[in-house]
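A short worksheet on the structure shown next.
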Amino acid sequence: MPFSPTLGRGATLAALETPAALVDLDRLDRNITRMATYANAHSLALRPHIKTHKATTIAAAQLAHGAAGLTCATPAEAAVMSGVTNDILLAYPPVGPKLARLMALPPSVRLTVALDSERAIEGLAAAARAAGRAVRVYVELDVGMHRVGVTAWDEAIRLVELVRQRPPLEYAGIAFYPGHIRDAVGSQDAKLAALREALGSALTALDRAGLRPPVVSGGSTPTMMRTHEVTGVTEFRPGTYVYNDRGTAEIGACAWDDCAFTVLATVVSTSVPNQAVIDAGAKALGREPARGFDGEGFGALLDRRDVVVKGMSEEHGILDLSKTTWRPSVGDLVRVVPNHVCIVVHLNDVIYGVRGETLEKSWAVDARGRAQAAVLA
Ligand SMILES: Cc1ncc(COP(=O)(O)O)c(C=O)c1O
């Protein structure tokens with residue numbers, strides 16, 4: 001997407017109307033390369049979840065660095081991402097009208113779907129039959145998060161057998177998401193051990209039934225560098241790692257200077273003592289609480305980690321200056337690292353790529369928004 005006529009490449013941050021979403025391109029490259037290197041070192045297939053960046057530009061960079069395919073949460077995301085890959089996992093059970101959009105993906109897309117119910121299998125099988133397309137299925141297991149996934153392995157076996165009886169569905173493997181592990185990286189041992197055990201018992205049961213899964217798909221950003229410790233995993237799906245955020249840094253899953261994404265904001269008021277107000281509120285920063293770490297606020301300043309956004313209205317963010325001697329002036333620019341980046345990205349149409357203070361490029365968040373299944377006449 002071109003810059004507007006008044007904003008040329010090479011412009012500095014001061015030229016941007018705020019709030020604006022920035023990505024530090026050097027950090028982005030580093031994050032993508034680090035994960036690709038880790039995947040290679042441990043012979044794991046990397047299938048990044050695109051829910052973090054929702055941008056074909058970034059997905060293409062992940063694929064260029066060896067990602068085996070992409071993970072999406074919605075058929076609408078999958079439709080956009082089919083422009084850059086032929087290998088898509090929908091890591092979310094498609095039920096109802098979503099199925100039509102899914103079946104409309106280009107036939108060249110090797111589609112895999114994760115699900116956990118007979119109803120979802122029957123719906124998908126009927127849609128796949130009608131569309132004449134093969135669909136690979138991962139049966140989702142609950143190994144501790146308690147969100148989706150079957151909790152009893154004989155039920156997993158029953159679902160796998162059902163998939164095998166419903167061509168053109170194909171049994172492709174099992175999936176799980178360790179989203180319950182958000183502890184500091186050094187304190188994850190007990191939960192990882194429990195996860196290893198749960199997954200191990202599921203794999204033993206499937207093995208005994210002669211249903212060894214070709215793929216075991218797991219992974220998350222908080223556990224990203226420990227994925228190889230979960231015996232049996234063959235594929236992992238981190239999403240947040242590409243940009244990282246305050247939560248990821250606070251638990252030590254990345255360094256603070258691996259946070260690539262910030263919201264550029266302008267100080268618009270300093271009239272109340274011990275605080276400064278910026279033009280980025282909940283509509284620019286989201287309202288995600290601190291997760292997995294003891295911290296206040298909704299984000300922290302990139303170059304002053306002790307200054308947090310302690311409160312927000314829709315368009316106002318309130319910086320807490322009680323722990324710093326720094327006193328900004330009206331008109332100063334600040335960069336906020338949000339608590340949880342994925343929600344914030346989703347609030348933006350365009351992201352600006354920067355090196356230092358210089359704007360180098362911009363790209364569309366082209367898979368954002370809620371696509372409608374139909375337009376009413
Ligand atoms: C099913 C699934 N897989 C992978 C991910 C990626 O996890 P993370 O954001 O920790 O990288 C998510 C995140 O919500 C998810 O729901």
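The values are calculated or read from the model by the stated rules, or taken from the named source; none is laboratory data. Owing to the predicted nature of the structure, the values given are computational and were not obtained by experimental measurement. For neighbour counting, all protein chains shown are included, and Cβ atoms are generated from backbone atoms with ideal geometry for every residue, glycine included. Each accessible area value is taken on the protein alone, full model and side chains, heavy atoms only, with ligands, DNA and RNA left out. Shrake-Rupley method; radii C 1.70, N 1.55, O 1.52, S 1.80 Å.
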### Task
Sort out which residues of the range 21-45 are open to solvent by less than 10 Å² (accessible area, probe 1.4 Å) and part of a strand (DSSP E or B), and write them in order of number.
ALA21, LEU22, VAL23
### Task
For the range 311-363, name all the residues that are within 16 Å of the ligand (Cβ to nearest atom) and of a type in the set (S, T, N, Q).
ASN339
### Message
Need the failing condition index for VAL139 against (1) open to solvent by less than 50 Å² (accessible area, probe 1.4 Å); (2) in a helix (DSSP H, G or I); (3) touching a helix residue (DSSP H, G or I) at 6+ places or on another chain (Cβ under 6 Å), just the number.
### Response
(2)
## Note on the structure
VAL185: passes all of (1) without any contact (Cβ under 8 Å) to a residue 24 or more places away in the chain; (2) more than 20 Å from ALA114 (Cβ to Cβ) but (1)
### Message
Please verify whether GLY317 is at pLDDT 95 or above and in contact with a His (Cβ under 7 Å, 6 or more places away or on another chain), treating the condition exactly as stated.
### Response
no
#### Entry: Exclusive hit being within 16 Å of the ligand (Cβ to nearest atom), on the phi < 0 side of the Ramachandran plot and among the hydrophobic types (A, V, I, L, M, F, W, C), set VAL150, VAL84, VAL135, VAL80
VAL150
### Message
I'd like to verify a number: residues in the range 226-241 that are more than 8 Å from the ligand (Cβ to nearest atom), in a helix (DSSP H, G or I) and not β-branched (Val, Ile, Thr), how many?
### Response
3
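Could you identify the single residue in LEU124, LEU105 that is more than 16 Å from the ligand (Cβ to nearest atom), assigned to a loop (DSSP other than H, G, I, E, B), buried (at least 18 other Cβ atoms within 10 Å of the Cβ) and on the phi < 0 side of the Ramachandran plot?
Sole residue among the options that is more than 16 Å from the ligand (Cβ to nearest atom), assigned to a loop (DSSP other than H, G, I, E, B), buried (at least 18 other Cβ atoms within 10 Å of the Cβ) and on the phi < 0 side of the Ramachandran plot: LEU105.
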### Task
Give the residues of the range 287-337 that are surrounded by fewer than 21 Cβ atoms within 10 Å (Cβ to Cβ), among the small types (Gly, Ala, Ser) and farther than 17 Å from SER271 by Cβ, sorted by residue number.
ALA290, GLY292, GLY295
### Unmet criterion (only one of (1) surrounded by 15 or more Cβ atoms within 10 Å (Cβ to Cβ); (2) more than 16 Å from the ligand (Cβ to nearest atom)) for SER201
(1)
### Query
So which residues in the range 162-191 are over 25 Å from the mean Cα position of the chain (by Cα) and among the aliphatic types (A, V, I, L, M)?
LEU162, VAL163, LEU169
